[in-house]
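The structure appears right after this line, and notes come after that.
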Amino acid sequence: MTAKPSSALTEEQSRKIDAYWRAANYLSVGQIYLRNNPLLRRPLTLGDVKHLKLGHWGTTPGQNFIYAHLN
């Protein structure tokens, strides 16, 4: 079976992938570092940030990049 080459991404598809990737990164950072005010309805304070961070940023952006492009 031969794979059929696909056409290049449209501007709209590219914009949607970028928006998905940015949202996934924002959610990842929020889960790692924030304990309050995740929607930033007010300026961040020290009380909004976790005292003990469990996990790290590490490979999260790369994984989100792959997930965005596999969708």
Give the residue, chosen from Ser14, Ser6, that is loosely packed, with under 12 Cβ neighbours inside 10 Å, modelled with pLDDT under 85 and not β-branched (Val, Ile, Thr). Ser6
Step by step: first the residues of segment 36-49, then only those that are surrounded by 12 or more Cβ atoms within 10 Å (Cβ to Cβ) and not β-branched (Val, Ile, Thr), then the one that is nearest to the chain's Cα centre (by Cα). Which residue is that? Pro38
Could you list all residues from segment 1-35 that are farther than 25 Å from His56 by Cβ, under 20 Å from the mean Cα position of the chain (by Cα) and among the basic types (Lys, Arg)? Arg15, Lys16
Mind checking which pairs have a first residue in segment 1-20 that is within 13 Å of Asn71 (Cβ to Cβ) and a second that is surrounded by 11 or more Cβ atoms within 10 Å (Cβ to Cβ) and at pLDDT below 95, Cβ under 6 Å, 6 or more apart or different chains? Ile17/Ala68; Tyr20/Ala68
Please enumerate the residues belonging to segment 2-40 that are closer than 19 Å to Lys53 by Cα and among the aromatic types (Phe, Trp, Tyr). Tyr26, Tyr33
Residue hits (segment 30-63; in contact with a strand residue (DSSP E or B) (Cβ under 8 Å, 6 or more places away or on another chain), in a loop (DSSP other than H, G, I, E, B) and closer than 23 Å to Tyr20 by Cα) are Arg35
Under 9 Å between Cβ atoms, at least 6 apart or on separate chains: pull out the pairs that start in segment 28-43 with a residue that is touching a residue at least 12 places away in the same chain (Cβ under 8 Å) and end on any residue that is aromatic (Phe, Trp, Tyr) and surrounded by 12 or more Cβ atoms within 10 Å (Cβ to Cβ). Ser28/Trp57; Val29/Trp57; Ile32/Trp57; Tyr33/Trp57
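The values are calculated or read from the model by the stated rules, or taken from the named source; none is laboratory data. Given the structure is predicted, the values throughout are model-derived calculations rather than measurements. Backbone-built Cβ (ideal geometry, glycine too); neighbour counts: all protein chains shown.
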